[in-house]
Every structure is written in structure tokens, then in C-alpha cells.
Protein chains: 4
Amino acid sequence: MQVHVWAEDRPLPEAEAAMRRLYPNGIQGQIASFLRAEGGFEVTAATMQDPGQGLSPAVMDGVEVLVFWSHKHWRELDPQRVDELQNRVLDGMGLVLLHSAHASLLFARLMGTRTQCLRWREADERQRVWITAPAHPIAQGLKGEYFEIPADETYGEYFEIPQPETQVFLTQAAGGEVLRSGCCWTRGRGRIFYFSAGHETYPVYHQPEVQRVICNAVRWAGQGAPLPAWPGWARQAPPLAGPG
Amino acid sequence: MQVHVWAEDRPLPEAEAAMRRLYPNGIQGQIASFLRAEGGFEVTAATMQDPGQGLSPAVMDGVEVLVFWSHKHWRELDPQRVDELQNRVLDGMGLVLLHSAHASLLFARLMGTRTQCLRWREADERQRVWITAPAHPIAQGLKGEYFEIPADETYGEYFEIPQPETQVFLTQAAGGEVLRSGCCWTRGRGRIFYFSAGHETYPVYHQPEVQRVICNAVRWAGQGAPLPAWPGWARQAPPLAGPG
Amino acid sequence: MQVHVWAEDRPLPEAEAAMRRLYPNGIQGQIASFLRAEGGFEVTAATMQDPGQGLSPAVMDGVEVLVFWSHKHWRELDPQRVDELQNRVLDGMGLVLLHSAHASLLFARLMGTRTQCLRWREADERQRVWITAPAHPIAQGLKGEYFEIPADETYGEYFEIPQPETQVFLTQAAGGEVLRSGCCWTRGRGRIFYFSAGHETYPVYHQPEVQRVICNAVRWAGQGAPLPAWPGWARQAPPLAGPG
Amino acid sequence: MQVHVWAEDRPLPEAEAAMRRLYPNGIQGQIASFLRAEGGFEVTAATMQDPGQGLSPAVMDGVEVLVFWSHKHWRELDPQRVDELQNRVLDGMGLVLLHSAHASLLFARLMGTRTQCLRWREADERQRVWITAPAHPIAQGLKGEYFEIPADETYGEYFEIPQPETQVFLTQAAGGEVLRSGCCWTRGRGRIFYFSAGHETYPVYHQPEVQRVICNAVRWAGQGAPLPAWPGWARQAPPLAGPG
């Protein structure tokens, strides 16, 4: 399965030192690394600073799942790229959106809502991630009813998203927020998973449980070889009843 | 709209004094009282100790919404009553299940799961109830993104329920649990709402926000006059295409 | 409840004579007329040819439900109007989309998919509309398991929409198509209903069952007075646990 | 993946000759045969006439997916077996229910509704099966927007089931019925798929598209090794906030 991991990779000045220390190869590099270690994936990685913003048709052709991490600079993503990516999802490319990618135009477009709207704060808080869909492929291999992230940025409700088709995780912050944090949708022939964990100043993507979730999500979102031109609507289906 | 409020009304010895002080007319009496004050409802109330366990056909005929509060003694409810109530729901009677009624056979039957399974403790904890479906009728009239219950028994995930058709509320306990606490389903022609608040030793049903939720839920669950014998399946629908 | 009924009202030349004969006051006029007869609604009506394309802020302020019928000319609707309408829905305005409004940018934006994609033909075919959610408010008052529309344009699957939150109707065409034809979603605080019936060259909006569906849908989609500025996110909720 | 295929295998006298001719090894034998040919499955098969009705704990231990075909004699299945099977599903066993198994107590228990209720007739009719969830694993490998079954028993709405979590297929009968015919749910840790095709007097399970659907469904419903005792609820989760 061909997977492309993309990150904005332009931290705010106050976050840059922490991020470069935690992720010397970038967030995209870290995620690509554990996906390769998992096996079964052909992985490429890119950032907004690469040619074509790392998302050109030449790069994206053949990609079966896109892992997407964006933050403050999402407005600088070429709108034509967003159109192209939305169409790729509708045509069957899987999409795994991480953390502050909730604010991206790509996510907002696919949801139809103002997905940037949620409650947030940075408070070095412990997060408890509860499993509410134990039968779902994305929850497989996790032990126990919940796992914890020692510190992460806090996101909370009300989060303006359509009700998820499957609510896989709920995250509770030590300070008193709750978030629908692991959510599945399908749009057209594409599968979408949003997972809220992973502010750039915390080592969240080094944590085994988070890596398990992302590996599972990529596998769930990928579909082998979706038909490139489905459906091929004729204007008319043959009569169902009749001499035939 | 004709509403029947039913409560088990057999507290455990250690809870009896607190409950009788908080609810001198029983939980059923308190709920009936604020429903009457809301207006638009014809309200009756009964307990497990009444003739026919308070749920006989004579009592239930014509009831459009049943508000149901049970606890430890749910196993003593006559199984034939449970069969009758399940059928009434499938035929269009609304059902509002409160707090420990999650463990009732009636709820388990309608859900198909072991709904008694959840995490719980009594710890006099503050509960924060977040609204995740602001467009839903049951959330109307609440101010702000959440409201709090100063103290209640704590329920937490994993709660073995089918994914709700609408997730109206999530409740977060001060000690570190989260629950899908306000949940809608339909079964047959009946609408079902479960709401987790209301242990008998706390004045939860005296709180205006909780009363707002229950009044809204009763109104949502009721449907006027559901057809008594729908659908009247003939074995065969007339041909769709053809000379006709 | 304040309702605005809008129609494109620019039939193609080959459809104009039939439409003007069937709907001398326009489709918007016909729908406004039976909503007024139903009672409980304050109804205004407009077309794309009115000032501000009939959808200016002056017209829309205070509108609680918009009934929207568009067809071939949806691309001519000012994109800023579409932005405004999308935001109004997310802020709580109900939206009832009829027939060829499936192709409108407004619907596509709220769904995140290419909603113009479905199978269609004009064949003067009988349509059978099956009720699959008998408990839903939009199905109330219909008699029997289905009703029929003697002739209408045929729409069929695959229809690129997110899976509906409630599937209220399925429509079957005599010639051999089926469509998820009555579908509910919520987006933000707004409720959305799409109903496929009503090509302009057939007297579909004169049929009592169709009028029943639209009256029910408007009532379902309206919510009285949604809070204008909800949620008013502070960056931080007070701690849940702790001294407080 | 360990799969057990079970069929009632007691046709009514008028159907026996046709069934024995079409399925000399029984329906269970035919399904087991194409699952084995697909590969990746360890397949056993049994009938109601086998010891323990073919569903004893000795047979079921270790089974990851049960394929279940029942008909008129479902009332003769030992209720304790039904209890055991329901618990196995809730604990993670996948369940694929075929055709007249809609009437089985096992299905009704897991759904909470009177699943035997649907419209039916035997009319040697052509059936058209439309794909409404092209992104779903169960639809993979099918070509085109629909496939047809030359003749099968007709089932139609209203079908008393909870709204599916994913509506994968809709089936349209030549004579004028439509059915939500391919439906997914999860209950507890178990995944359930109902598929309506396959009356015993037609060669439906010899058709490649139907075999594709069933192979996909078994793979989707299976989950490797679900934890045998999850969740292991302690009464109390450790505090989330606090010194820790």
C-alpha cells in the first residue's frame, strides 16, 4: 500500500526548538519511520516547503493513503491542491488527519462544517484516550479500555464536525475537557479518520499506542486499488422488469 | 401527550434515608411534578410496588411516552411485562431511560447488548455534561456548551451499547471517566433516549438543566398517535411497472 | 416559524410551457401556498430573478427554514450568497432541498461530496416512495408503507452523498432504479433534509403526500430561536476537579 | 481465520427436490466450498441435525466468524444456544446472516426488533442489487454500480431493523419492492452483516458476485484474536488529574 506522509513543517518561532529536538526529521519523517517499521507500506514523505508544496499530482498519483499534519499555515496551501486532494479522497484515496489538521481547508471541505471550531489550550496536560468502538479495526491491538498521553495540547468540545460514522475514541483532558477525538467518516469512495493527538512540542508520535492507532488507521483507510472511474453512469439502466 | 413515569422505588437500606429526604414523593413523583409544571403532558406515575408492578396493560394502554427509572431490582420485573413494553416501544411508544435503568432487561433487549456493562463508582463527584449535538431537540434551551451536576454517581466507558444514532451528551467525571451519557436510538416505530444522570442519593432531578433535558426528551420521544397496526403487510405489493 | 421558499424559476425552453401551466405562481409560489394552508408558518417566497437573487441578507435575516429548489442555473448563484447560506445553516437555519437542488453548490458544500453525481433520465415513470424510518417526524401522517407519484423524472444510485443520519425514504422507479431519496443530516446547529421528488414538468407539488412530507420537513428542520453566537468559546474551561 | 458455516438444512417438502439438486452438499457445503477456494479461511460446516445442533461450545470455541443460514425451523434452535451465540458475538465473533436468517431469534436478539417483519413473496423475480457504500470492504471487487440475481425470493420494506451503521446494498425486485438488503452493525466487540440473497430453490450461492460479497463479509467480520475478557472493569480508574 502506497502511503504519503505530509506535514506543514513550519513551526511557530516559540515551538521550533522543541519540535526540532523531538522530531529531527520532522513529524512527517517520524511517522514515515514507524510506518516503514510496521511493514506492508510503501512510504514517501514531504512538507509544504517541497516543490509543488509536497502534494503535486506527480507526487500524489498512485497514493492510496495520505497522512496529513497541518497547523497555522494551512491558508497557504494552494486552493487548487485542496480541490485535487478532495477529489482524490472522493475517488478512493484514504485520508488520515492528525491534530491541528482539524483546521485545514481540506478537512472543512470534506465535512461541510467549520472544523477549525473547537476549544483549546496549551497546558502540558495529561490526556486519557477511551476506546468506544472496540470492534473497529483502528482500535485493534490496544490493551485495556483506555491509554494515556502524558502531555499534549488540550482540545475540547464543542467541535463542529458532522456526527462521526464511527466514534472510535473519546479523549479527556486532566483539566476538564472532553473531545470526540478519533472519528471515522466516508465521503464518496474515500475513508477519512481524524485523530486529535500530536502537538509538535510533545513526543506524542514516539508513543507506541499512538503509533498503533496511526498504523491501524492507514491500513483501514487504504483500499487496494479503487476503480478510477466509478461509477460510469450511463444515463439509463436497462429496464429491470420486462421481456429480458 | 400521555406520559407514564415509573420508578423502582426500592432503595437499598444504605440509600433509603437520603432518597426519602430528597424525594419525599419518590423519584417518579418528582419527575411527574416537573413534567406537569412544563405543561402539555398528561402525567401518571407508579412504582414496582403498585398493582401489576405499575406497568400493567390497563395502565399502559394509551401511554405515548414511558419514563423509566430502575435500579437493583430490575430482575424482579415480570418478564412478560418486559415483552409487552418492548413491543409497545416497537409499535411507537417513546421510552426515556434514566440512570441505573441502563442495567434493565428492557434496555438490554432493545439494544441487543449487555447494557449493564459500564464502569462505575460512588464518589460524590462533580459531573460536566457536554453538548455534542446542539441541533438536537433534546439540547434546546440549554445555555452554553456544557452544564454541571455538582455531585452524582460516576459512570464511565466502556459502555456496551450500540453506537447511538445521535450522541447528544458526553459526561465527564471529575475523577477521570467519560461516558456517552445522552444517547438516542430508534427501534421499530419507537424512539428511545438514555440519560445517565440521577443517582437516588443526590438531588439531580431538582436541577433545572436536568429537568430541561427530561422535558425535551419526553417531547422528542412522543409522536402523537402512532398507527396501531403498521405496517399491514400484504404478502404482495402491486406491480410497479406494467399496464397500471 | 419564519420560512423562505426559493426557486430558481428559470426553466429550460422545452420545459417552460409545462411548468407555467402547472405552476402559474412558480414552484416557490405553490410550495408557499400549501405551507400557508398548513398553518404555523410565516412564509415568504422569491426567485433567482429577484433583487439580491432572492437570498440577500435583508431577506434571509430571521429566516428559520429555507426551502430551496434549483436546477440548471445553480452556477449563477453568487458564491458569496452560498457562503452566507452555508454559515446560516451551520448557525441553525433549517434547509429543505428539493429535487434538482441535489446539484447545487450549497448542497455539495454542506455534504463535502459531488452531490450532482447520480443517475437520471426523463421517462414519465411512476415512482414508489417507501418509508424506511416510520418513527421519524418527516414520515408522520403518511398512510401505508409507501406512496406513489404517478410520473416524475427518475433519479438513481449511485448518489454521491454521505450516508444519511436518517434514511427516511427510498424511491423506486418503474424502469429499474432506486434512490436514497429522503435523507436527513445535521451540520453544525442546522438540520438538512433532501427530498428527490419534483421535476418542474410534473404536478408533483400538487400531490397531498408530497405536501405532507414537505410540511413535516420544514417543521422538523426549524428550531425556534437558535442561539446566534454559540458556542462562545473561551479558550479555557474552568478546571473540573480541584478546589472549586 | 476460523469460519463456521451453519445451515438449518431442513427444507419444506415442496422445496426439497430443488434444493438437493442445486446444493447436493447443502447450502452450508456450498458456502464452505467457495470460502475454501477463496483462501485464508479455515472452514467447518454443520447443520441443525448435527450433534449439539451443530453449534455446541465444542464446535464454536475458537470460531472467529459464523455464517448463519436459517429458515422455518429457527424456533427449534435451543434457546441456550442462542444465548451462547449472542454472547460470542458481543465478545468479538463475527456474524454473517443470510436470507431467511432475518427471522432467526439470534438476529432479533442482537437487533432488539422484530426482524422477522418484512414483506415477501416467491415470484421467480429478477433482483437488482445496488451498491450504496462503494468504499466499504464488503463492496470491493464488484464491477459496476449494481449486479443482478436472475431469480430469487423477493423481500421488501418495511423491514423492522435498526438503521444500519453502513448501508452497503439496496435490492430492487422486478415486481416493485425495495429492501435494505446489505446491512452492517456492530454490537459489543462483534461485527454483524445481513445479506438478503439466497432462497434455497435458486442457485444464488453459485453466482460469483454473491460469493464475492460473502467472502468479503466474512473477512470484514473477522478480527483475528479478540481479547477474551475485555474490558476487565475495575470499579475505579485512577484519578486523571492530581499528583500522579
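Structure summary
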read-out	value
Accessible area buried, both sides summed, chains C and A with 1.4 Å probe, Å²	3000
Net charge contributed by nearby residues that have their C-beta within less than 9 Å of D:Gly92 (K/R +1, D/E -1)	+1
Spin-label model distance (nm) - C:Thr44 vs C:Glu16, 7 Å beyond Cα toward Cβ	2.8
Integer Hz, Karplus 6.51/-1.76/1.60 couplings in order for segment D:167-172, x for Gly and Pro	8, 8, 9, 10, 10, 10
Shape category assigned to chain B from the gyration tensor of Cα positions, a/c cut at 1.5	prolate
Computed over chain B: relative contact order in percent, which uses C-alpha pairs under 8 Å that are six or more apart	21
For B:Trp69, net neighbour charge (Lys/Arg +1, Asp/Glu -1) across residues whose Cβ lies under 9 Å away	-3
Chain B Cβ-axis minimum, rotational copy D, residue and distance in Å	B:Gly112, 2
Per-copy distances of the C:Pro51 label point, shortest first, in nm (7 angstrom along Cα→Cβ)	5.5, 7.1, 8.9
Rounded to 5, percent antiparallel among DSSP beta bridges of the protein assembly as shown	55
Label point 7 Å beyond Cα along the C-beta direction, distances from A:Pro238 to other copies (nm, shortest first)	2.9, 6.7, 7.1
Residue-wise HN-Hα coupling along segment B:125-137, computed from phi with Karplus coefficients 6.51, -1.76, 1.60 (Hz; x: Gly, Pro)	9, 5, 10, 10, 9, 8, 8, 10, 9, x, 7, 7, x
Sparse-neighbour loop sites [trypsin sites (Lys or Arg not before Pro); segment D:127-206; at most 15 other C-beta within 10 Å; DSSP]	D:Lys143
For D:147-159, mean number of other protein chain Cβ atoms within 10 Å	3
B:Asp78-A:Asp61 pseudo-label distance in nm [points 7 Å out on the Cα-to-Cβ vector]	7.5
Estimated 222 nm signal from helices in the protein assembly as shown, with DSSP H stretches of n ≥ 4 weighted -39500 (n - 2.57), rounded to 500	-7000 deg cm²/dmol
Per-residue average of Cβ from other chains inside 10 Å of D:179-186	3
Average accessible surface area per residue within segment C:80-158, 1.4 Å rolling probe, Å²	26
Cα-centred dipole magnitude for segment B:129-168, charges only on beta-carbon of K, R (+1) and D, E (-1), debye, nearest 20	240
Euclidean distance between Cα centres, segment A:1-24 to segment A:153-202, Å	20
Residue mean of other protein chain beta carbons inside 10 Å, C:166-174	5
Rounded tilt (10° steps) of A:79-90 against the dominant C-alpha axis of chain A	60
Degrees separating the helix D:208-221 axis from the principal Cα axis of chain D, which is the longest one	10
Percent accessible area from carbon and sulfur atoms, the protein assembly as shown, protein chains only, probe 1.4 Å	52
Positive dipole terminus of chain C, leading residue within C:Ser70, C:Pro24, C:Ala108 (C-beta point charges)	C:Ala108
Inter-copy label distances at D:Glu14 (7 Å, Cα→Cβ; nm, one decimal)	4.9, 6.4, 8.0
Debye, to nearest 20: dipole size of chain D, +1 on Lys, Arg Cβ, -1 on Asp, Glu Cβ	540
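The values are calculated or read from the model by the stated rules, or taken from the named source; none is laboratory data. Being a predicted model, the structure only gives us computed values, none of them experimental. All Cβ positions, even for glycine, are placed from backbone atoms using ideal geometry, and neighbour counts span all protein chains on display. Protein only, heavy atoms only, side chains kept; ligands, DNA and RNA dropped before computing areas. Shrake-Rupley method; radii C 1.70, N 1.55, O 1.52, S 1.80 Å.
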